[in-house]
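One structure follows; several queries about it will come next.
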Amino acid sequence: MSQERAVPASAGLLEELSGWPGELCRRELPSVLPRLLISFASMYQHSDNWIEHIQILKIIVEMFLPHMNYLTLEQTFFSQVLPKTVKLFDDMMCELTSQARELSSQNLEIQTTLRNILQTMVQVIGALTGCVQHVCATQESVILENIQSLPSSVLHVIKSTFEHCKNSESVYSGRLHLISDLLQALFKEAYSLQKQLMGLLDMVCVGPLLDVSDGTLNMVIVIHSLLDICSVISSMDHAFHANTWKFIIKQSLKHQSVIKSQLKHKDIITSLCEDILFSFQSCLQLAEQMPQSDVQDNTEYRLFQKTLKLCRFFANSLLHYTKEFLPFLSDSCYALHQLYLQVHSKCPPSLYATRVPQAQQEEIAAAFLVTLDPLVSQLLAFQPFAHVVLDSKLELPCELQFPQCLLLLVIMDKLPAQPEAVQSLWCTGSQVSEATARVSLLKAIFDSFEQCSGELSLPVHLQGVKSQGQAEVTVTLYQHVCVHLCAFIASFHPSLFPELDAALLRAVLSANMITSLLAMDAWCFLARYGTAELCAHHVTVVAHLIRSCPGECYQLTNLSVLLRRLFFFMAPPQQVEFIQKFPPKAAENLPLWQCISFQALPAELGQQTAREVAGLGTAQCRKWLSGTRALGELDSLNTGLSALLAVCHSAREALDIGQQAAVLEAGSQLWAFLNTNLVAGQPCVQQALSLLLPLLGSFIQTLDAQLISQLVALLASLLQSEPPDHVRLAVLDFVSSLGKLLLSQALQDEILPGLSRIFALLLADGNWLLEHHAVEAFTRFAEGTNHDAIVPQCLRSEEMKNKVVSFLEKTGLVHETAAARAERAKREKGLFWVSSARAQSGAAERPPLQPYAKRARPGCPLGEEYGAALQAAVGALDTLESLLRQAPAPDGLLSGLEMLHGRIDELKRRVL
């Protein structure tokens with residue numbers, strides 16, 4: 001049919017049908033409907049007159065659709081007309097958008113054109129509404145296959161309409177008011193159409209077919225289309241948005257048995273999580289801006305409550321959906337994990353939390369956050385979720401590290417009530433694939449805890465555990481983690497104890513001090529909670545580890561602290577067994593006994609053991625003094641000094657007068673072999689000095705006055721060469737003990753000037769840790785000394801005086817608000833985390849370092865050669881120093897000294 005013939009024919013037909021009564025329409029339906037469909041199709045192909053298209057559509061819907069057989073609707077009407085109607089609607093939308101930029105109050109022609117298009121689009125939606133209403137009116141069960149073109153066409157038109165309305169501000173710019181009335185009408189019609197369609201779909205049944213059918217696929221398409229609409233209307237109408245989601249969840253569950261494997265579960269979960277986060281963020285913003293006066297009576301508060309209810313609705317929807325479709329959510333676990341972290345990163349006590357009034361915080365926690373706890377419970381036995389949370393390559397931004405730690409603790413608290421298989425899933429590591437691996441929960445907790453430096457240093461406070469008859473108090477993050485970790489250990493399944501031992505040992509050996517300390521606290525709880533035999537076993541294991549350490553390292557320090565603490569929890573019979581297994585008279589056991597406090601032993605046993613250790617330590621010192629005194633043999637000397645220091649700290653009263661005199665004599669003789677140059681250049685000598693100073697300090701009252709004078713002079717000279725921190729700390733420990741002395745006038749003239757220089761240098765140290773210890777040591781000295789005149793001589797600036805006064809008054813030098821302190825903690829955390837991440841990344845890229853083979857300990861002749869060579873080098877340097885006092889340095893001396901300095905550094909590395 002040509003375009004010229006189609007238009008008059010359709011016009012005449014429409015005019016003829018306009019006055020037909022309902023009975024006539026019913027009777028003539030078989031003959032008239034084909035003609036109408038042909039006219040509609042002809043116009044669709046050859047005419048751009050949208051109004052006539054819509055008139056035909058309206059005639060069919062209003063006059064003939066009520067008389068059509070429901071079972072044949074799809075074949076005779078919907079499949080033929082609705083796809084063309086959707087295409088017409090899209091053409092109108094395209095025309096509307098393209099001409100919108102020319103809309104203005106002066107251009108009446110464009111204004112009229114756009115309004116006509118909008119009115120026609122309203123009529124299209126009205127016609128589709130008629131189709132939906134007719135199907136809803138049927139009393140028969142609605143089979144989706146019998147109307148399959150209707151839902152898809154209606155949803156397409158609805159989505160297109162909502163998108164246009166949502167973007168209308170940008171599409172029409174400042175001219176929206178010229179057509180806003182019709183846009184509102186269009187939105188209302190689409191809104192009404194969707195509500196009626198959802199009512200229709202409530203009546204639909206897919207059928208109990210096990211195989212994929214057209215009805216199944218159509219229902220899946222419907223649900224996904226509604227999901228797309230949700231993303232459009234989320235910011236337009238919250239109530240409508242929520243109702244749409246409610247319908248999606250309802251239909252997904254209603255047809256679960258036949259569509260569960262066809263749904264895009266990841267898209268649904270991701271969209272739900274995004275909507276939860278969006279509404280939650282809106283809730284926080286409302287609470288943040290809420291005025292505090294008459295908070296429950298203002299509009300902002302009511303809007304806050306409404307938004308909070310929306311958060312809870314979305315969270316419950318997610319909870320319900322997750323419960324029903326869990327086996328299909330393996331690729332949604334990342335979104336669920338991120339949801340938990342994102343939500344808790346915005347809630348106190350996170351450093352990145354929105355500042356919300358306390359009352360609103362409690363409302364949010366009670367109405368919304370509680371819904372996330374059962375979500376974690378549902379996911380607990382789901383292996384893919386465990387893989388995501390415990391991913392060995394999990395790298396989280398700073399703001400999500402603290403929530404990750406909280407999540408791991410929540411999971412840990414829930415595990416004791418779970419079957420052994422679930423506990424094993426979380427508590428054992430696994431190689432998931434070549435690319436990913438799952439760490440154990442305990443390792444993940446220690447790793448996550450280590451990343452919470454800002455929260456630990458601030459510190460943040462969390463809800464504590466209620467004690468019977470006592471009010472609940474807040475606790476620091478360290479306390480929170482430690483309490484929950486110990487509670488978990490108490491309920492740990494016996495089959496998983498190897499994992500526990502490995503995790504605790506790995507954490508104790510951590511380079512991060514606070515992580516190592518947490519592991520030690522947990523290990524000590526295990527020692528007290530377990531049997532005496534278990535405690536003894538652990539002490540023995542740690543003792544063997546200490547003896548196997550090749551040299552000084554932070555791991556040895558950590559193990560030494562652990563051994564010292566665990567030894568207090570050993571039962572006396574096991575302590576006796578330990579002494580028999582590691583006798584203190586054997587030199588190879590001195591590294592152990594230097595770690596142990598003799599106060600942990602029963603009185604008589606402790607005294608006997610202390611005497612044996614002191615005897616062996618003194619013998620080690622005498623052996624070095626009577627031998628070649630080679631620097632290469634200082635390791636054994638330092639071990640002996642460490643053992644003597646341990647005895648003097650915890651059991652000095654156990655030593656008789658003769659033993660004390662022997663220790664003091666050995667210490668005094670050792671001092672004669674130390675000088676500034678030797679200490680400044682040799683780490684092993686520095687270690688000997690660090691042990692010797694506190695040892696002599698413990699005998700300060702009986703120490704020879706002339707020796708004290710020599711010590712102070714050497715220490716004042718040594719500090720000029722900037723020795724390592726551990727040497728400075730030992731110097732501080734020693735000089736603070738001098739406050740107990742009453743010096744003669746002659747000795748005052750010798751000792752006090754050097755002493756004031758020492759304190760002045762250390763109080764001005766830029767290292768905050770050393771500076772703090774310096775203030776502590778000076779305070780102890782000043783409070784104990786009878787020589788008051790020296791005190792002001794040590795404080796050589798107003799800044800030093802202020803530091804000491806602030807320390808005594810327990811006031812800070814810098815006053816920070818809580819907000820400023822939190823911001824500083826965040827900056828420091830970001831800096832530390834980036835540095836740590838780069839270091840770990842670099843370590844991962846480098847091949848593992850292999851330890852150097854142990855050097856054979858030199859014999860006596862070789863030791864003498866080392867000593868002679870070193871003395872020759874010292875003599876040559878003394879000569880250079882003397883020449884520089886007599887005449888200016890010649891050209892080339894500086895470069896030669898630098899080359900010599902480089903060779904000395906290389907030799908030091910080889911010695912270490």
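Report the net charge of residues surrounding ASP202, where surrounding means a beta-carbon distance below 9 angstrom and charges are Lys +1, Arg +1, Asp -1, Glu -1. Could you put the intermediate results ahead of the total?
Numbers: positive: LYS250, LYS254; negative: none.
Net charge around ASP202: +2.
Apply the Karplus parameterisation 6.51 cos²θ - 1.76 cosθ + 1.60, with θ equal to phi minus 60°, to every residue of segment 229-246 and state each ³J(HN,Hα) to the nearest whole Hz, in sequence, with x for glycine and proline.
Each residue of segment 229-246 in turn: 5, 4, 5, 7, 8, 4, 9, 9, 8, 5, 5, 5, 4, 5, 5, 5, 4, 4 Hz.
Please work out the Cα center distance from segment 791-820 to segment 69-88, rounded to the nearest Å.
Using only Cα atoms to place each centre, the spacing works out to 86 Å.
Distance between Cα centroids, segment 509-569 to segment 215-288: provide it in whole Å.
Each part's Cα centre sits 53 Å from the other's.
Of the cross-linked pairs LYS254/LYS346; LYS84/LYS254; LYS264/LYS306; LYS309/LYS393; LYS166/LYS246, which ones have a Cα-Cα span greater than 25 Å in the structure shown? Kindly include the intermediate steps, with their values, before the conclusion.
Details: LYS254/LYS346 35 Å; LYS84/LYS254 31 Å; LYS264/LYS306 30 Å; LYS309/LYS393 37 Å; LYS166/LYS246 22 Å.
Listed pairs above 25 Å: LYS254/LYS346; LYS84/LYS254; LYS264/LYS306; LYS309/LYS393.
Of the GluC sites (Glu not before Pro) in segment 367-467, which ones lie in a loop per DSSP and count no more than 14 other C-beta atoms within 10 Å?
On the way: sites: GLU395, GLU399, GLU420, GLU434, GLU450, GLU455; in loops: GLU395, GLU434.
Sparse-neighbourhood loop GluC sites (Glu not before Pro): GLU395, GLU434.
Mind listing the phi-derived Karplus ³J(HN,Hα) values for segment 535-540, rounded to whole Hz, using 6.51, -1.76 and 1.60 with θ = phi - 60°, and x for any glycine or proline?
After applying 6.51 cos²θ - 1.76 cosθ + 1.60, I find 4, 4, 4, 5, 4, 5 Hz.
Give me, ordered by chain and number, the residues 5 or more places off LEU396 or on other chains with an amide H under 5 Å from its own placed amide H.
none
Across segment 594-610, in residue order, what do the Karplus-derived ³J(HN,Hα) couplings come to in whole Hz, using 6.51 cos²θ - 1.76 cosθ + 1.60 with θ = phi - 60° and x for Gly and Pro?
Values, residue by residue: 6, 8, 9, 7, 6, 5, 6, 8, x, 3, 5, 5, x, 5, 4, 5, 4 Hz.
Here's something else I'd like to know. Please identify every one of the trypsin sites (Lys or Arg not before Pro) in segment 46-110 that sits in a loop by DSSP and has no more than 15 other beta carbons within 10 Å of its own beta carbon. Spell out each step's value before the answer.
Details: sites: LYS58, LYS84, LYS87, ARG101; in loops: ARG101.
Passing sites in segment 46-110 are ARG101.
Continuing with this model, one more query. Nearest 0.05, what FRET efficiency do GLN608 and SER806 give at R0 = 41 Å with Cβ-Cβ as r? Write out the running numbers ahead of the final one.
Numbers: r = 47 Å, r/R0 = 1.15.
The pair GLN608/SER806 has a calculated efficiency of 0.30.
Go ahead and estimate [θ] at 222 nm for the chain from helices alone: -39,500 (n - 2.57) per DSSP H run with n ≥ 4, summed, over the residue count, rounded to 500.
On the way: 42 runs with 642 residues, N = 912.
Theoretical 222 nm ellipticity from helices: -23000 deg cm²/dmol.
Under the rule of at least 5 residues apart or a separate chain, name every residue whose amide H is placed under 5 Å from the amide H of VAL460.
Residues meeting the criterion, in which the H sits 1.01 Å from N, are LEU477.
Sticking with this one: What trypsin sites (Lys or Arg not before Pro) does segment 307-398 have in DSSP loop regions with at most 13 other beta carbons within 10 Å? Don't skip to the end; give the middle numbers.
Values: sites: LYS309, ARG312, LYS323, LYS346, ARG355, LYS393; in loops: LYS346, ARG355, LYS393.
Counting only loop positions with at most 13 other Cβ atoms within 10 Å, the trypsin sites (Lys or Arg not before Pro) in segment 307-398 are ARG355, LYS393.
Just so you know, all these numbers are worked out from the coordinates, no wet-lab data involved. In this text, all values refer to a predicted model and were calculated from it rather than measured experimentally. Virtual Cβ from ideal backbone geometry, glycine too; neighbours counted across all protein chains shown.
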